[in-house]
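Data block below; observations after.
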Amino acid sequence: MDSYKNLDIEKIIEGLDGQVFESTGKHLSKAEIAIIKGAWNGQDYQEIAANSGYNMHYLRTAVGPNLWTMLSEVIGDGVQIKKATVKNVLLEIVKKDYLNKNDSLIGKTKIYGELPKINLFYGREKEINYLKNQIKLFKHHCVYLFGSAGTGKTFVATKIVEELLLEEPNSYDCVIWKSINYGSSLEDVLDEIIKVLNLKIENKSREFKLGLILDQLKIYRCLLILDGLESLAQIEVFEKKIECGNLFRRLIEEQHQSCIIVTSQLPLDQIAYTATTLLPAYVQIQGLEENAAMQILRKKDLKGEKECKKLIKIYRANPSLLELVANRINKFFGGDISKFLDYKTTLISENILKMLNQQFGENGLLNDIQKQIMLCLAEHTSEELPPLKFSDVINIIRGKNNCEISISNMMDAIEVLEQRCLIEINQKSAKDEVSYSLEPAIRKYILVDPLSLIYKNFNSSNNKLNGLKASNHIQE
């Protein structure tokens, strides 16, 4: 079913015509409007010609190509528009216009908190459509997005909210967007939600507050977004995991008519220890598909198919890293990717830096064995060196510590790092021993150790030697 069937194409074309006139000084012709309407309705040129009275050959060869070139310049935002894609482009314009004009109220839906503004967003159609279906068709009370920093979890959550509100403007009474800051407590989060809901209570327990919020979720249809849930969990504070577990168990298991969207850098089982009989709709947000990643670089006016693909590979199609490196290449190298690549440096975006500080920091999210594994991989693998086999990782760490380390603990630690996308898995077949490496940005962070969070935990004499070894593989 077309979720956008109620949109008025006449009004959309009226707005588009205004943009075209402002940019070119000319209005859309009747033939151009006929093609746009036909493309919107999924018609081919023969059907458009039959409905408009124009000759099919004229529309296909004389009008169409010039129309798509012109629209690409006016509204394409760096992407070539074609007949097959013009509807999606127009829908994106409608969404932005609709949401910008209705900043705090959409239909009858009140919005509390500020939805993030999206500048660049490409791809993710599969993930967004899956999660929307889980919410709309399967009535999931909770959807959970996790992945490494910079992959776009927050923006995916934002797009889901935007599309739900556009497709069914009155389906929710309110939207509550809560960004969770590092160091926040569950108590802080509950208090802020209670404040948003205009509930006045004092000196009540955490369980009472949570129960009160759940009552509101039963009475009203709310869309509650908890962005950055990993900030509630610290590896040294077990009680925080119990608190998160209780929160999730009650949000998921208790019957209500609302939906909670959660983003986190950690898989749910690494935050919440409390078992639940029900699971949320669950999606891991990883690097972009190559076509979507290429669109980011083209938007930034970077050229060269081979060079762009190399950037995408180095930065693992992470959208925040690609945007950072594209901006730096334009600023310092005039857009010349080859010159940048000649220096063999690796850039780290601010959100990746914060994520790694949080992982490696005191009372952070990594235990000692996990840190040693990361350090081992940073020192013994690179883009030029092969991945390290699991048995070699064990032997290197045992040699450094001059003691036996539990293999089961090593396996547990490796699996946690895998789930958090902090290490890369390399295995040609199921019969081969698994090998591991690091993506360049993470590897550079560990070797540079900008806040002295890593090497200070290890023997100082080994650190000096390891630092010398590291310098052979990395340039700052």
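A few notes on this one:
- Fraction of accessible area attributable to carbon and sulfur, the range 31-83 (%, probe 1.4 Å): 46
- Of the chymotrypsin sites (Phe, Trp or Tyr not before Pro) in the range 384-445, those whose Cβ has at most 11 other Cβ within 10 Å and which sit in DSSP loop: none
- Total formal charge among the other residues, if their Cβ is under 15 angstrom from that of Glu202, Lys/Arg +1 and Asp/Glu -1: +3
- The range 157-274, relative contact order [Cα under 8 Å, separation at least 6], %: 31
- Solvent-accessible area assigned to carbon and sulfur over the range 244-366 amounts to 47 percent, based on a 1.4 Å probe.
- Summary value for the chain: 13 percent relative contact order, contacts being C-alpha pairs under 8 angstrom separated by 6+ residues.
- Put simply, when 180-187, 63-70, 399-406 are sorted by average Cβ atoms within 10 angstrom per residue, most first, you get 63-70, 180-187, 399-406.
- Solvent accessible area, Å² - Arg298, 1.4 Å probe, full protein context: 110
- Protein heavy-atom accessible surface, 1.4 Å probe, per residue over the chain: 51 Å².
- Note, ³J(HN,Hα) from phi for the range 434-444, Karplus 6.51, -1.76, 1.60, rounded to Hz, x at Gly and Pro: 6, 10, 9, 8, 10, 6, x, 5, 5, 4, 5
- In the chain, helical runs assigned H by DSSP with n ≥ 4 each contribute -39500 (n - 2.57); averaged across all residues and rounded to the nearest 500, the mean residue ellipticity at 222 nm is -16000 deg cm²/dmol.
- Cα-centred dipole magnitude for the range 288-414, charges only on beta-carbon of K, R (+1) and D, E (-1), debye, nearest 20: 460
- Between helix 407-419 and the chain: long-axis angle, C-alpha atoms, 0 to 90°, nearest 10: 20
- Within the shell defined by Cβ-Cβ distances under 14 Å, the residues around Glu22 carry a net charge of -2, with Lys and Arg each +1 and Asp and Glu each -1.
The values are calculated or read from the model by the stated rules, or taken from the named source; none is laboratory data. As the structure is a computational prediction, the values presented were derived from the model and not from experiment. A quick note on method: Cβ atoms are made from the backbone with ideal geometry, for glycine too, and the neighbour counts reach across all protein chains shown. Remember, those area values only see protein heavy atoms, side chains included, never the ligands or the DNA or RNA. Shrake-Rupley method; radii C 1.70, N 1.55, O 1.52, S 1.80 Å.
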